[in-house]
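Nothing in this text is a laboratory measurement; each read-out follows from the coordinates by a stated rule. Bear in mind that the values here come from a model prediction, so they are computed numbers and not experimental data. Positions of Cβ are backbone-derived with ideal geometry, glycine not excepted, and every protein chain shown enters the neighbour counts.
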Amino acid sequence: MDSPPDLSALRIDRSQPPPRTGMPPAVLAVVVMLIVAVAGFVGLRFARGSAALTVTLGTAEATGGGSASGEGISANGYVVARTKASVSSKILGRLAWTNVTEGSHVDVGEVIAKLESADYEAAVNAAQATLAQLEAQNVQAQRDLKRAQALRTQNLLSDADLENTQTKLDVAVAQMDSGRAQAALAQANLENTRVRAPFSGTVLRRDAEVGEIVAPSSAGGGLTRTAIVTMADLSTLEVEVDVNEAYIAQVRNAQPARITLDAYPDTACSGRVRQVVPTADRQKATVQVKVSITDHDPRILPEMGARVEFLDSASTATDAPTRVFVPADAVRTEGANTVVWVVRDGRANRVTIEAGPVSGGRREVRSGLSGGETVVVGPATGLADGDKVNVVTQ
């Protein structure tokens, strides 16, 4: 029989393994990532320094404002007509006829539409027939009274009979007057089926078509129209603008102004402040100002966009500081700072400014710019100081 194995010779080697040569894998991975990041940053900076960003940026000129240039504050708004009306009918009915379209000129009192009026015409004819009958009865009562008076002078008629004849005449006169009133009412109802221009002006819009039910504005509802046409007197055109309340103290009644239409930016017309509305809009922090257009250019139409510059001819370059304005989109908030990106020699530079209120789509720059700089308008994502940019003037 074999003897059991000798286990006394077995041992566990607890000595330290030989030191490894080289860098641990985790440390090596970190070092590689740092090298790649540094290489990418250097490459990006090199690329930015050697070529313009692929994003094309819009730019605009910072304008030096102030009385030295003859310009005051500005605001944007719309052309409106001071005399404007939505013309409706006085009664409910179906529109039967209209002779105006958009752009038609009408005179005050001119019939511009008619409602179906067959029943009203019949009422007029009936009232006139009744009135004719009552007038005939009145004539007969007058004759009867004269005959009765003659008989009474001959003692052929009693006083009572004479009084009865007089009473019949009085009744006939009263009935005739009532008939005339009924005829006038029927004629007025028929006249209400004719819609007349309330003032001389131009039709801006036709709101109802032949065959539609129209009604007075106070009785509209459902499928009925409450206006037949919208018209305005184009000689009363003016511009309504919202002026930032920070500048409203510089606007006064009868102040001259220069108006530039968005549709014709190369043409300006003169205006004058007609009214500063005595209330502010707390939501927008603005005050509405109405500016009359003194140059009646036929190209000016209601609801056109316009820009108004309020002028101050009495001021000079020495009595008012120069103000700088930039497009409102050029001003950005970065943390606690307000900045603009200024483009010099094809490169973008961040400039910290002190910004004022917005007026007419422009924002005042109280410090940081001197006027005449080119500033970046629109998105500036990824832009850094010194980056080359492709410039597109706005």
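Odds and ends about this structure:
- Fully extended contour minus Cα-Cα distance, from S367 to R205, at 0.36 nm per residue: 53.4 nm
- Taking every C-alpha pair closer than 8 Å and separated by at least 6 residues, the mean separation divided by the residue count of the range 117-192 gives a relative contact order of 52 percent.
- Cα centre as origin, Lys/Arg/Asp/Glu Cβ charges: the range 117-192 dipole, Debye: 360
- Per-pair calculated FRET efficiency, R0 = 41 Å: T236 and N337 via Cβ, rounded to 0.05: 0.30
- Taking the charge dipole of the range 150-226 about its Cα centre, with +1 at Lys and Arg Cβ atoms and -1 at Asp and Glu Cβ atoms, the residue from M176, A188, T224 reaching farthest to the positive side is T224.
- Sorted ascending by nearby beta carbons within 10 Å, beginning with the fewest, S117, S270 become S270, S117.
- Extension gain (nm, one decimal) between N390 and L156, 0.36 nm per residue minus Cα-Cα: 72.2 nm
- Under 5 Å, built H, 5+ apart or other chain: amide partners of T286: E245, D281
- Cβ crowding within 10 Å ranks S367, S359 as S367, S359, fewest other Cβ atoms first.
- Sites R82 and E212 - FRET efficiency at Förster radius 22 Å, r taken between beta-carbons, to 0.05: 0.15
- Fully extended contour minus Cα-Cα distance, from Y264 to W97, at 0.36 nm per residue: 56.3 nm
- The range 129-179 and the range 214-284 have their alpha-carbon centroids 65 Å apart.
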